[in-house]
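What follows is a single structure, written as structure tokens, with notes after it.
The values are calculated or read from the model by the stated rules, or taken from the named source; none is laboratory data. What you see is a predicted model, and the numbers here were worked out from it, not measured in a lab. Ideal geometry is used to build each Cβ from the backbone, glycine not excepted, and the neighbour counts take in all protein chains shown. We work out accessible area using only protein heavy atoms, side chains counted, and drop any ligands, DNA or RNA first. Shrake-Rupley method; radii C 1.70, N 1.55, O 1.52, S 1.80 Å.
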2 protein chains.
Amino acid sequence: MTVALASATRSRHPSRARSPVKTLWLVNGQPTGVDPADRGLAYGDGLFETMGAVDGHIRWLDLHFDRLEDGCRRLSIPAPPRAALGKEIAAHCPRQGRAIVKLIVTRGTGPRGYAPPEVAHPTRVLAISAWPEYAVTNYRHGISVHVCQLRLGENPALAGLKHLSRLEQVLAELELKGQGAEHGLLLDTSERVVGGTNSNLFAVFGTEIATPALTRCGVKGVMRRAVLEAAPALDMQVSERDLTLEQILGADELFMTNSLFGVWPIVRVASRRLPVGPATRRILGHFGYSDAA
Amino acid sequence: MTVALASATRSRHPSRARSPVKTLWLVNGQPTGVDPADRGLAYGDGLFETMGAVDGHIRWLDLHFDRLEDGCRRLSIPAPPRAALGKEIAAHCPRQGRAIVKLIVTRGTGPRGYAPPEVAHPTRVLAISAWPEYAVTNYRHGISVHVCQLRLGENPALAGLKHLSRLEQVLAELELKGQGAEHGLLLDTSERVVGGTNSNLFAVFGTEIATPALTRCGVKGVMRRAVLEAAPALDMQVSERDLTLEQILGADELFMTNSLFGVWPIVRVASRRLPVGPATRRILGHFGYSDAA
């Protein structure tokens, strides 16, 4: 992990990296289209991972594979072997610079109807695309967050998974566009805070760093797990628990995480303004974002 | 509508119909694959209709198009014109016999991320496949229904739509397989009855025919609408309202609807046994299923 971190810090500036200009798409290893009978298209019946690559290495690769395999197990999709996936990614990932590697695993094709086939032959879709230009100000001065009107439906059977049935997130993004806001905060139907439309949320209360438990909806992000695992070594006490919007608005500090952009402080939610505080700065420093912040 | 019904009655026996053996797939009119960057695959960002064709005519075509257009409007997807869709279907639908026509409309491709592109160019996927052999006993003697453990998440923004983010239905079908049951009844997280995994539910209470309101989840089926619209002419009082499992188990009669199979009486839910009662028989007769029942 240390090597990946060092690499990430070294080549954080996308303008100096050799990133692909056009996205490369491979379906089961071939530059072809997806079978229109694929259940990923028909029913959102599959999972995906979006990963950051630095000089040919995927940051948090084991954590991404852990989540993908957990998702396959919970959805009864045969998980493609890690070694084969890793080999395919390595064969196509640029050796220098930064890139985004997206991997979709669907249940494959099947007969008509929701019922999965007795034996599934999963489809892999691999996409390698250019690294986005994340604004340095997001790390340094933080972001403003709009509380979405849309509430996420709750289903423990799907909670935590990065599955393909993501129409709620699409609608949340449509709502943001209408508001002129760039970052959205989502609550569930029981008014618990879930996280950002494509990120997880952490709230600092004194010596505690809390993040929504995500037992009923939401995606358990790889960067969220990295923060939870790093916190004890930073003398921070972490907790995964239910959080209301009122509690969030009363936090000392807030930050959002995502395995691509890493960590962004939140300096405004609704009408509440917050500082980029000491706990958030320590997290930023630990993960190599100190010079950006 | 009368002509379509008459046709449906005339050629109900699949063995005598000229139905396609292999499914025909067309993506934007071409026998090709789906762009792996399509948002239908990436995020379940789209809608579909599954329609019954009889001798080249789609049963309930206007009702299917109504729902598709309502879905496009609610998801901010530009709706493909009816005339063009109808022409494409007519060009490929078998002139004789029965077939299933499935139409998927996605938001098309877009850049990475949940946020939809400013201008969407929808993708059409058309599939024409063989008519399934529905068991005559389902109409005549009814079906048994298992109450699924899975609860549907609630989201009014998606309620009623036949969208592509259907992983909950896939999980419900996986659960049924484990139970040895063929038909599942789904409840939402608030313990309201929603309907079957791929069908709508009607409950008869005296002179009232009630069906779940579907304001928080579920798909508003085309056959459900046909029953609601036909009921007054049959001197039946219909209502769309919230229904608990306890209320359903106390109904005089129950039946399920789906635009492909039509109407199936329910003769068992959990441990409750029910008759194929007079109201259900009247509905079966009205829609041309009397000789099957």
Legend entry - Members of the stretch B:128-160 found to be within 30 Å of B:Pro94 (Cβ to Cβ) and in contact (Cβ under 8 Å) with a residue 60 or more places away in the chain, listed by number: B:Ile128, B:Ser129, B:Ala130, B:Trp131, B:Pro132, B:Glu133, B:Tyr134, B:Val136, B:Asn138, B:Tyr139, B:Arg140, B:Ile143
Legend entry - Criterion: of a type in the set (Asp, Glu), surrounded by 21 or more Cβ atoms within 10 Å (Cβ to Cβ) and under 20 Å from the mean Cα position of the chain (by Cα) - qualifying residue of B:Glu69, B:Glu49: B:Glu49
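Scan B:Pro111, B:Pro117, B:Pro81 and give me the residue that is at pLDDT below 95 and surrounded by fewer than 18 Cβ atoms within 10 Å (Cβ to Cβ). Show your work before the answer.
Details: B:Pro117 fails: at pLDDT below 95; B:Pro81 fails: at pLDDT below 95.
Just one listed residue meets the conditions, B:Pro111.
Would you list the helices (runs of 4 or more DSSP H) that sit entirely within the stretch B:33-122 and hold 2 or more residues that are without any contact (Cβ under 8 Å) to a residue 12 or more places away in the chain and more than 12 Å from chain A (Cβ to nearest Cβ)?
Because the criterion is at least 2 residues that are without any contact (Cβ under 8 Å) to a residue 12 or more places away in the chain and more than 12 Å from chain A (Cβ to nearest Cβ), the helices (runs of 4 or more DSSP H) in the stretch B:33-122 that meet it are B:61-75, B:82-92.
Can you find a residue that is away from chain A (no Cβ under 12 Å), of a type in the set (Gly, Ala, Ser), over 19 Å from the mean Cα position of the chain (by Cα) and outside any helix (DSSP H, G or I) anywhere in the stretch B:130-142?
At the first step, the residues of the stretch B:130-142 found to be away from chain A (no Cβ under 12 Å) are B:133-142.
Imposing the further condition that a residue be of a type in the set (Gly, Ala, Ser) reduces the set to B:135, B:142.
Next cut, over 19 Å from the mean Cα position of the chain (by Cα) only: none.
No - not one qualifying residue is present in the stretch B:130-142.
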Legend entry - Residue in the stretch A:249-267 that is open to solvent by 10 Å² or more (accessible area, probe 1.4 Å), modelled with pLDDT of 95 or more and part of a helix (DSSP H, G or I) present: yes
Legend entry - The lone exception for B:Gly178 - which of (1) open to solvent by 40 Å² or more (accessible area, probe 1.4 Å); (2) more than 9 Å from chain A (Cβ to nearest Cβ); (3) modelled with pLDDT of 95 or more it fails: (3)
Inset, instruction - Being in contact with an Asp or Glu (Cβ under 8 Å, 6 or more places away or on another chain) and in a strand (DSSP E or B) is the filter here, so list the residues in the stretch A:223-248 that pass it. - result: A:Gln237, A:Val238, A:Ser239, A:Thr244
Inset, instruction - Hey, can you tell me all the residues within the stretch B:176-202 that are under 24 Å from B:Gly262 (Cβ atoms), part of a loop (DSSP other than H, G, I, E, B) and touching a residue at least 40 places away in the same chain (Cβ under 8 Å)? - result: B:His183, B:Thr197, B:Asn198
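Rundown of residues vs (1) small (Gly, Ala, Ser); (2) in contact with a Gly (Cβ under 8 Å, 6 or more places away or on another chain), yes/no style:
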| position | (1), (2) |
| --- | --- |
| B:Ala53 | yes, no |
| B:His57 | no, no |
| B:Leu68 | no, no |
| B:Lys87 | no, no |
| B:Pro111 | no, no |
| B:Pro116 | no, yes |
| B:Ala130 | yes, no |
| B:Ile143 | no, no |
Legend entry - Hey, B:Leu158 buried (at least 20 other Cβ atoms within 10 Å of the Cβ), aliphatic (A, V, I, L, M), more than 18 Å from the chain's Cα centre (by Cα) and at the interface with chain A (Cβ under 7 Å from one of its Cβ atoms) or not: no
Inset, instruction - Can you tell me which residue within the stretch A:203-226, out of those that are within 22 Å of A:Ser144 (Cβ to Cβ) and either among the acidic types (Asp, Glu) or touching a residue at least 60 places away in the same chain (Cβ under 8 Å) (or both), is surrounded by the fewest Cβ atoms within 10 Å (Cβ to Cβ)? - result: A:Val204
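Among the listed residues A:Val145, A:Val125, identify the single one that is part of a strand (DSSP E or B), open to solvent by less than 30 Å² (accessible area, probe 1.4 Å) and more than 30 Å from B:Ala130 (Cβ to Cβ). Walk me through it before giving the result.
Working: A:Val125 fails: more than 30 Å from B:Ala130 (Cβ to Cβ).
Unique residue meeting the criteria: A:Val145.
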Inset, instruction - Working carefully through the options B:Glu240, B:Glu246, B:Glu229, find the one that is more than 23 Å from B:Leu152 (Cα to Cα) and either open to solvent by 30 Å² or more (accessible area, probe 1.4 Å) or touching a helix residue (DSSP H, G or I) at 6+ places or on another chain (Cβ under 6 Å) (or both). - result: B:Glu229
Legend entry - Residue count for the stretch B:52-66, restricted to those that are over 19 Å from B:Asn198 (Cα atoms) and open to solvent by less than 10 Å² (accessible area, probe 1.4 Å): 1
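Can you pull out the residues in the stretch A:268-279 that are of a type in the set (A, V, I, L, M) and open to solvent by less than 20 Å² (accessible area, probe 1.4 Å)? Even if it seems obvious, please write down each step before you answer.
Pass one, the stretch A:268-279, residues of a type in the set (A, V, I, L, M): A:269-270, A:274, A:276, A:279.
Correct list: A:Val269, A:Leu274, A:Ala279.
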